[in-house]
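One structure follows; several queries about it will come next.
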Amino acid sequence: MESHSAEEDRAAFAERVYADSAALMDALAEHVIAALAEALASRGTASLVVAGGRTPIPLFERLSRATLDWARVQITLTDERVVPVSDPASNERLVREHLLRGEAAAACFIGLMHEAVDDRARATAAWRALAAVPRPFDVVVPGMGEDGHFASLFPGAPALAAALDVHAAPACVAMPAPVAPHARLSLNLAALLDARLVLLPIIGATKARVFRRASAPGAVDAPPIAALLGQRTVRVVVYRSDV
């Protein structure tokens with residue numbers, strides 16, 4: 001397992017900076033693999049929660065080549081767009097195309113999309129399906145958008161405050177998004193923090209500026225990611241590259 005310093009343990013989060021995104025993804029993949037291997041050795045199973053979007057594709061491709069007992073690894077998503085899994089916008093489709101192949105094809109994937117009468121019922125069904133995954137999750141790798149959202153917890157969303165409540169019951173919730181497709185499913189912050197380790201990649205100058213604003217003490221009008229960075233329940237390691 002990757003070592004970390006006493007300073008990192010005392011901080012709300014640890015920050016590791018890399019010269020470019022390739023070096024970042026190499027290190028991030030190594031950390032994820034080590035954490036999963038430790039979980040397999042300690043508990044016989046392991047769980048990995050990942051984000052969608054384009055940013056994690058290089059991570060997925062690295063993980064897909066890793067030698068692990070993937071048949072004992074369960075994988076799910078931090079969030080999902082309410083679209084058919086065949087849709088190019090589907091996070092499940094992205095994971096199946098870039099992660100669940102090669103060595104990692106043997107992993108057990110649990111998606112968030114379910115047939116339901118409405119998005120709230122769909123979120124309930126998704127969380128019920130995730131009951132099959134032992135918690136705390138071993139590794140959670142959320143993403144962060146340029147507006148400071150993570151998972152599908154967007155600034156200004158009507159249900160944002162409840163979704164960011166660390167004292168809420170862990171759940172999957174229905175969330176609107178500011179751009180199409182508007183309907184999303186997302187794990188709330190309490191669910192994302194029901195984890196042993198959170199690894200957050202921040203890539204590019206724009207996202208780096210948002211991260212610095214969100215992590216500044218006493219930040220005013222802080223974006224949603226500040227709630228993840230400011231909590232001290234779970235160790236968060238930020239992997240940052242400004243290019």
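Only the coordinates and a few stated rules stand behind these numbers; no lab work does. Everything numeric here is computed off the predicted structure, so don't read it as measured data. We place every Cβ from the backbone using ideal geometry, glycine too, and count neighbours over all the protein chains shown.
Quick one: compute a quarter of the convex hull surface over the Cα atoms of the range 130-208 and quote it in nm².
Details: hull surface 22.7 nm².
Taking the Cα atoms of the range 130-208, their convex hull projects to 5.7 nm² on average.
Between ASP165 and ALA105, 0.36 nm times their residue separation minus their Cα-Cα distance comes to what?
Numbers: separation 60, 0.36 × 60 = 21.60 nm, distance 3.51 nm.
The ASP165-ALA105 span can extend by a further 18.1 nm.
Which whole-number value in Å³ per residue fits the convex hull of the alpha carbons of the range 70-205?
123 Å³
Only helices at least 27 Å long along their axis, Cα-based, and averaging -1.0 or more on Kyte-Doolittle count here, so list those DSSP H runs from the chain.
Values: long enough: 21-43 (32 Å, 0.97).
Span-like helices here: 21-43.
Let me ask you something else. Where does the chain land at 222 nm, in deg cm²/dmol rounded to the nearest 500, when only DSSP H runs of n ≥ 4 count, each adding -39500 (n - 2.57), divided by all residues?
Mean residue ellipticity at 222 nm (helix-derived): -9500 deg cm²/dmol.
Each label point is 7 Å from the Cα along the Cα-to-Cβ direction; what then is the distance between the points at ALA41 and VAL117, in nm?
5.1 nm
Another question about this same structure. Could you work out the relative contact order of the range 1-152? I mean the mean sequence separation of Cα pairs under 8 Å and 6+ apart, divided by the number of residues, in percent.
Relative contact order comes out at 25 percent.
Sticking with this structure for a sec: Cα centroids of the range 209-243 and the range 90-160: how far apart, whole angstrom?
So the separation of the two Cα centres works out to 21 Å.
Please list, in chain and number order, the residues 5+ apart from LEU77 or on another chain whose amide H is under 5 Å from its amide H, with Hs placed from the backbone.
Counting only residues 5 or more places away or on other chains, the set is VAL50.
Taking the Cα atoms of the range 1-110 alone, what are Rg (to one decimal) and Dmax (as a whole number) in Å?
Final numbers for Rg and Dmax: 14.9, 46 Å.
From Cα pairs below 8 angstrom and at least 6 apart in sequence, can you work out the relative contact order of the range 106-209, rounded to a whole percent?
30 percent
Can you work out the base-10 log of I(q)/I(0) for the chain at q = 0.07, 0.13, 0.14 1/Å, using the Debye formula on its C-alpha atoms alone?
Results for the chain at q = 0.07, 0.13, 0.14 Å⁻¹ read -0.20, -0.75, -0.88.
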